[in-house]
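To keep things clear, I will list the structure first and then write my remarks on it.
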Amino acid sequence: MVRLVEGDYDAETAYSDDPVDTAVAFAAAGAPWVHVVDLDAARSGDPVNRPIITAIAAALAGRARLQTGGGVRSEADAEALASAGVARVVMGSAAIAEPALVERVSRIVPVAVGLDHRAGELAVHGWTQGSGVQLATALDRFPAAAAFVITDISRDGRLEGPDVEGLAAAAAATATPVVASGGVATLDDIRALAATGVAGIITGKALYERRFTVAEAVAACASPA
């Protein structure tokens, strides 16, 4: 398993060579969801890691639900991931390019739309290009979405704190559940986000660098600031 900084493939840190064991450990510690991004598929569109995703889903069955993003660009991709046991797929660039695709895919498997932004402008194609679409506008474009995963790219992987104010505003602006992503570094960050009313919080690097444990994070979600 690896972690990028601001989506930069040249700023990669490896943390584990056994993603199945890592996912099972997260679930055993109380995580209700495990979030996996297929970075290779996100970059190239080639789902070379799908056997690993299938193995993770099988290992998590009855323990936690698996959410998977990266390279989900078609109904065929969604069907393959649903068959693999994925509970929810994340669609980013494909959703921004064709909002109607989200509705079609949602008939196969629940869809979280990834709204990854820099200063409010959504980024696409592995965060390498601006889309010209603003986050606030996008919140109204996906009525079939089961959730929005909102990432402030400038904070991702930096352990400098999340955009609590912006995420609170997004959660207040839509009835669709918002999952916060990017910048979480401390348990106080988690408590602050939980107080905004977001439906979920994704944290990766802080866990891998032992800033806190999954069990501590789950407990913090239950006691917001």
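The values are calculated or read from the model by the stated rules, or taken from the named source; none is laboratory data. Bear in mind the structure is a predicted one, so any value in this text is a computation, not a measurement. Note that we place each Cβ from the backbone using ideal geometry, even for glycine, and neighbour counts take in every protein chain shown.
Might you check whether a residue that is modelled with pLDDT of 95 or more, under 23 Å from I201 (Cα atoms) and over 14 Å from the mean Cα position of the chain (by Cα) occurs anywhere in the stretch 84-92?
Taking the stretch 84-92 first, the residues modelled with pLDDT of 95 or more are 84-91.
Checking the rest, the ones that are also under 23 Å from I201 (Cα atoms) come to 85-91.
Those left that are additionally over 14 Å from the mean Cα position of the chain (by Cα): 85.
Yes, the stretch 84-92 contains a residue that is modelled with pLDDT of 95 or more, under 23 Å from I201 (Cα atoms) and over 14 Å from the mean Cα position of the chain (by Cα).
Condition first: in contact with a strand residue (DSSP E or B) (Cβ under 6 Å, 6 or more places away or on another chain) and either farther than 23 Å from A82 by Cα or surrounded by fewer than 19 Cβ atoms within 10 Å (Cβ to Cβ) (or both). Now tell me which residues in the stretch 111-126 satisfy that. Step through it out loud before you land on a result.
We begin by selecting, within the stretch 111-126, every residue in contact with a strand residue (DSSP E or B) (Cβ under 6 Å, 6 or more places away or on another chain); these are 111-116, 120-124.
D116, G120, E121, L122, A123, V124 - these are the residues of the stretch 111-126 that are in contact with a strand residue (DSSP E or B) (Cβ under 6 Å, 6 or more places away or on another chain) and either farther than 23 Å from A82 by Cα or surrounded by fewer than 19 Cβ atoms within 10 Å (Cβ to Cβ) (or both).
When only residues in the stretch 19-39 that are in contact with a Gly (Cβ under 8 Å, 6 or more places away or on another chain) and more than 13 Å from L207 (Cβ to Cβ) count, which is modelled with the highest pLDDT?
Within the stretch 19-39, the subset in contact with a Gly (Cβ under 8 Å, 6 or more places away or on another chain) is 33, 35-39.
From what is left, the residues that are more than 13 Å from L207 (Cβ to Cβ) are 33, 36-39.
Values: W33: 98, V36: 94, V37: 90, D38: 89, L39: 81.
My answer is W33.
Of the residues that sit in the stretch 40-62 and are at pLDDT 95 or above and not aliphatic (A, V, I, L, M), which one is nearest to W127 (Cα to Cα)?
T54
Within the stretch 161-180, is even one residue under 20 Å from Q67 (Cβ atoms), assigned to a loop (DSSP other than H, G, I, E, B) and touching a residue at least 60 places away in the same chain (Cβ under 8 Å)?
No, because not a single residue in the stretch 161-180 is under 20 Å from Q67 (Cβ atoms), assigned to a loop (DSSP other than H, G, I, E, B) and touching a residue at least 60 places away in the same chain (Cβ under 8 Å).
Is it fair to say E98 is within 21 Å of I53 (Cα to Cα) and of a type in the set (D, E)? Walk me through it before giving the result.
Values: within 21 Å of I53 (Cα to Cα): no; of a type in the set (D, E): yes.
Here the answer is no, as E98 does not meet what is asked.
With a cut-off of at least 1 residues that are touching a residue at least 40 places away in the same chain (Cβ under 8 Å), surrounded by 15 or more Cβ atoms within 10 Å (Cβ to Cβ) and of a type outside the set (D, E, K, R), name the helices (runs of 4 or more DSSP H) lying wholly within the stretch 20-106. Before the answer, list the steps.
Numbers: elements: 39-44, 50-60, 75-84, 93-97, 99-106.
Those helices (runs of 4 or more DSSP H) span 39-44, 93-97, 99-106.
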